[in-house]
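A short worksheet on the structure shown next.
Values quoted throughout were computed directly from the atomic coordinates according to the rules given, and no laboratory measurement underlies them. Keep in mind it's a predicted model, so treat the numbers as computed, not measured. Neighbour counts run over all protein chains shown; Cβ positions are idealised from the backbone, glycine included.
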Amino acid sequence: SAASDVYKRQGHHVEIGGVKGITVEDCDFHGYTGTSQKEAIQLDTISNSDVFPAYEPFDDTPCDNAVIKNNKFHDLIRGLGSHSACLGVYYTNTLISGNSFYNMSGTAIVLINHKKCIIENYKNSWFGSKAHGRFGNFHRF
């Protein structure tokens, strides 16, 4: 992965749905100016046309083997994660390593329905009053 400077005014910077084996590395995510609780990197399932229009079939395929490492997240509401889930469907083998989170007005990482997830070696400072580095629901093995 090449280093990249990613600025986004509205919405997710990167939307990843139903992907097996992806690495996001050495990027600088910043500058979200919207008001919705949007992650810079959104991991998602392919569940319906509201989430992924024109990406049929909508078979609830989750992400597997996602690696998110050595990135900077700043001047954002949320850093990365997932805020949607399908009953009985899990994101698996997620590695989040060596990332920096600063000047976040919300939550650094939100993970829902994750199995075999590792979060390690992260740095953070200055979160919003509701966040303080909070991690969402996930199974850690």
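Between residue 51 and residue 87, the modelled labels are 1.5 nm apart [label points 7 Å from Cα along Cα→Cβ]. Take the alpha-carbon centre of segment 77-115, take the same for segment 13-70, and report the distance between them in whole Å. Rounded to whole Å, the Cα centres lie 10 Å apart. Taking label points 7 Å from Cα along the Cα-to-Cβ direction, residue 123 and residue 75 give a separation of 1.8 nm.
Using the average count of surrounding beta-carbon atoms within 10 Å as a protection proxy, the listed peptides 57-64, 84-91 rank, highest first, as 57-64, 84-91. Between residue 95 and residue 37, the FRET efficiency from the beta-carbon distance, with R0 = 22 Å, is close to 0.40.
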